[in-house]
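What follows is a short report on a single structure.
The values are calculated or read from the model by the stated rules, or taken from the named source; none is laboratory data. This is a predicted model, so every value here is computed, not measured. With ideal geometry, Cβ positions are generated from the backbone for all residues, glycine too; neighbour counts draw on all protein chains shown. Remember, those area values only see protein heavy atoms, side chains included, never the ligands or the DNA or RNA. Shrake-Rupley method; radii C 1.70, N 1.55, O 1.52, S 1.80 Å.
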Amino acid sequence: MKKITLEKLQLTNFKGVKSFTLDAAGGNVKVYGDNATGKTSLADAFVWLLFDKDTSNQKEFGIKQVDENNKVIHGLDHEVSAVLRVDGKTIQLSKLYKEKWTKHKGNIESVMTGHTTEYSVNGVPQKKTEYTKFIEKIADEEVFKLLTNPSYFNEQLKWEKRREILMEVCGDVTDEDVIDSNTELASLLGVLEERAIEDHKKVVASSKKKINDELERIPVRIDELNKGMADLSDLNEAEINEELQFFKTEINRLEDQKSDIRNGASASEKKNKLYALENELQTIKHNHTKYMSDQTLQVEKVLNEAKRAQQNIQYEIQDLGEEKNRLNGRVNFMENERKQLLEKYHSLNGQEFEFSQECSCPACGQDLPEDKLNAAREKSLEQFNLSKANELDSIKEKGVSLKADIQKASDRIAEIKSTIEQRQKDQQIEADHIAKYQKELADIKDGLVPVEEVPAYQDKLKEITSLKEEISNASESVADEMSEIQSKIDELKDQAEKLQVGLAKIKQHEQSRARIKELEDEERKLAKKFEQLNKEEFLMDEFVRTKVNLLEEKINSKFKHARFKLFKDQVNGGLAETCKTTFKGVEYDAGLNNAARINVGLDIINTLSEHYGLSAPIFVDNSEAVTKIIDTNAQMINLLVSEQDKKLRVETEALQEVI
Ligand SMILES: Nc1ncnc2c1ncn2[C@@H]1O[C@H](COP(=O)(O)OP(=O)(O)OP(=O)(O)O)[C@@H](O)[C@H]1O
Ligand SMILES: [Mg+2]
């Protein structure tokens with residue numbers, strides 16, 4: 001085990017202590033002093049030197065001295081130094097905290113600009129980090145505080161941290177350990193393989209809640225179903241079914257009857273007979289029409305021929321008339337032309353010869369000789385007469401030809417006129433024929449009777465009318481019969497429907513009963529399941545309790561005086577983790593006396609010291625409260641109130657032994 005002892009602790013201007021040296025010489029010491037003499041300050045100084053905090057684990061605490069008016073006294077050096085022996089090796093530590101004063105340019109006086117801390121190990125100045133590292137090597141801060149201050153574990157740590165330390169020191173209890181200690185819990189093994197007991201408890205609790213909710217709902221649903229069930233006192237299913245069967249048969253029978261009537265009416269002989277009669281009537285009509293047309297046919301034929309002949313004559317006359325007009329036009333034209341030819345003939349015939357020849361040569365201008373002139377004259381006359389005769393002949397010829405054409409056309413005109421007259425006479429003959437035939441036709445038609453007056457036709461029509469009447473009367477009676485049957489069917493259907501409502505009621509009743517039974521079965525199942533879950537929950541609680549007991553036993557067995565409560569009962573019946581230190585049943589925080597607190601703290605230090613393998617000086621403040629302090633292997637610095645000691649007085653072990 002690593003052993004750290006305090007040889008010397010020196011304070012200068014540290015809190016209320018101006019200057020004090022504690023010479024412990026590595027052994028147990030008792031420091032006496034009245035209130036406010038600086039006992040606690042010693043412990044604070046020791047912690048500050050190592051870790052920059054006081055015994056209450058405070059970082060901000062007043063190291064600097066203040067006057068009576070709480071004004072800081074400036075310019076002081078605050079120093080703590082200690083000589084330790086660590087496994088036989090002496091180490092000297094020192095820490096100096098002082099103000100930093102700076103004189104700014106142009107100012108006469110210096111101003112405080114902050115603080116500095118100087119560290120040294122074995123007289124060698126160190127940087128803060130070097131110093132901290134050096135301390136870390138001697139001991140872990142947390143462990144050191146746990147081992148040097150009996151109240152640290154119980155008063156400075158949160159319960160979770162305390163529990164963690166205890167678990168670390170004593171070791172946890174495994175689930176197997178718990179089951180081994182109580183065979184009844186073996187059934188939980190399967191559960192524990194799947195999930196932690198706490199998680200399984202949550203699962204069970206949630207299942208229980210669901211089941212419980214369901215169990216609460218089921219009676220409500222059963223009640224609702226009961227209330228919703230119809231009164232069946234006046235309903236008999238067998239009777240209803242029998243009646244329904246009867247209605248069904250009856251309706252089928254009536255439907256058949258209906259269809260028989262419907263088919264009978266449509267295929268009746270009467271209708272067939274009517275069709276036959278109508279056909280016969282049609283034949284009479286047709287025959288009569290044929291007879292009438294036979295009667296008139298011959299006359300109509302000659303009448304039409306006469307009409308056609310008359311028409312043809314008319315066309316012929318028209319054509320002749322047109323030809324005559326055309327020829328008349330042509331004759332006029334030719335007459336005119338002949339007249340012009342005559343005029344031209346007379347004019348030409350009346351023309352005399354004239355000689356108009358020049359007597360001089362037109363080329364040389366010399367007078368022509370007389371003979372030549374005569375010869376020329378003769379020749380010219382000859383030519384004149386010849387051309388005149390030729391021209392007159394030509395006119396004459398044209399006139400003769402024209403005259404012949406005119407004569408020809410006039411002859412044709414005369415012929416046409418006579419033909420027209422003749423054809424007009426023929427036309428009149430045809431017109432007489434037509435009038436004659438038309439009269440004949442009218443006489444024949446007058447002599448014919450219309451079909452409606454033919455007795456055979458009239459008889460047939462009468463027959464048809466009376467048959468139609470019969471059919472109509474018959475279908476009217478069929479319709480009446482059908483509607484009577486239909487209303488019977490409707491009535492039966494109505495009654496059947498009412499019976500069906502009854503049946504539906506019975507069916508619904510049965511369904512509700514079945515559902516109620518289902519719900520009751522479900523209720524029983526759920527109740528059973530709930531019971532099982534209760535058992536499981538009980539076992540799990542038992543498991544936890546067993547584990548708690550085992551754990552507490554295990555932990556408590558490591559301590560002489562201190563006992564630990566690691567679980568607390570919850571309102572819901574479960575357990576919650578905690579960590580409370582007790583002594584003889586009294587909780588540390590709830591009424592434990594000071595002496596017991598100190599001794600319990602020391603007991604814990606003893607066990608932890610063993611666990612961490614470290615022994616360090618223990619500062620026991622207010623140690624006067626304890627008349628019998630328990631044994632420890634560590635160096636004890638007891639700080640005791642002593643009214644008579646107005647200044648701190650130190651008693652070393654050696655001195656105590658002497659006394
Ligand atoms: N920063 C400070 N400047 C001046 N005086 C201080 C300062 N801090 C504490 N003091 C005073 O120093 C004195 C010593 O205090 P300390 O707590 O060490 O006394 P103590 O001996 O432990 O007293 P008690 O027996 O009551 O516990 C007290 O009078 C306290 O008020
Ligand atoms: Mg004190």
Checklist entry - Quick one: in segment 432-481, what % of C-alpha pairs are over 13 Å apart? => result 71 percent
Next on the checklist: If I ignore ligands, DNA and RNA and count only protein heavy atoms, how much of Tyr315 is accessible to a 1.4 Å probe, in Å² to the nearest 10?
Outcome noted: 120 Å²
Checklist outcome for this item: Descending packing, highest mean Cβ count within 10 Å first, for 270-280, 601-611 is 601-611, 270-280
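Accessible area per residue for the chain in Å², computed with a 1.4 Å probe and the full protein assembly in place, what is it? Could the numbers behind the result be given before it?
On the way: 41020 Å² over 659 residues.
About 62 Å² of surface per residue is accessible.
Thinking of segment 332-421 as a set of Cα atoms, what percent of all their pairs are more than 17 Å apart?
Values: 2646 of 4005 pairs.
Everything past 17 Å amounts to 66 percent.
Over segment 269-453, consider all pairs of different Cα atoms and compute the Kirkwood hydrodynamic radius from their mean reciprocal separation; express it in Å, one decimal.
For segment 269-453, the Kirkwood estimate is 25.2 Å.
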Checklist outcome for this item: Rg/Rh of segment 194-336 (Cα atoms, Kirkwood Rh), to two decimals, equals 1.82
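For the chain, what is the convex hull volume of the alpha-carbon atoms per residue, in Å³?
Cα convex hull per residue, to the nearest whole number: 763 Å³.
Determine the alpha carbon to alpha carbon distance for each of Lys137/Lys580; Lys30/Lys565; Lys344/Lys372; Lys8/Lys39; Lys201/Lys547 and list only those over 25 Å.
Pairs exceeding the cut-off: Lys137/Lys580; Lys30/Lys565; Lys344/Lys372.
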Next on the checklist: Ranking request for peptides 547-557, 513-523: highest mean number of other beta-carbon atoms within 10 Å first, then the rest in descending order.
Outcome noted: 547-557, 513-523
Next on the checklist: List the aspartates and glutamates whose Cα sits under 16 Å from the Cα of Lys379, skipping any in the same chain fewer than 8 residues away.
Outcome noted: Glu352, Glu354, Glu358, Glu370, Asp371
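Ratio to report: Rg/Rh of segment 143-249, with Cα atoms as the point set and Rh obtained by the Kirkwood method; give two decimals. Write down the numbers at each step before the final one.
Details: Rg = 32.7 Å, Rh = 21.5 Å.
My calculation puts Rg/Rh at 1.52.
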Item to check | Accessible surface of the chain, 1.4 Å probe, proportion on carbon and sulfur as whole % | outcome: 48 percent
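Peptides 38-48, 163-173, 187-197: what's the order by average Cβ count within 10 Å, highest mean first? Provide the component values of the computation, followed by the final result.
Details: 38-48: 24.2, 163-173: 16.8, 187-197: 13.3.
Those peptides, ordered most packed to least, come out 38-48, 163-173, 187-197.
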Checklist entry - Where does the Debye-calculated log10 I(q)/I(0) of segment 357-511 sit at q = 0.13 Å⁻¹, using only Cα point scatterers of equal weight, no solvent? => result -1.00
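Per DSSP helix of 4 or more residues, -39500 (n - 2.57); summed, then divided by the residues of the chain. What does that give at 222 nm, rounded to the nearest 500?
Rounded to the nearest 500, it is -22500 deg cm²/dmol.
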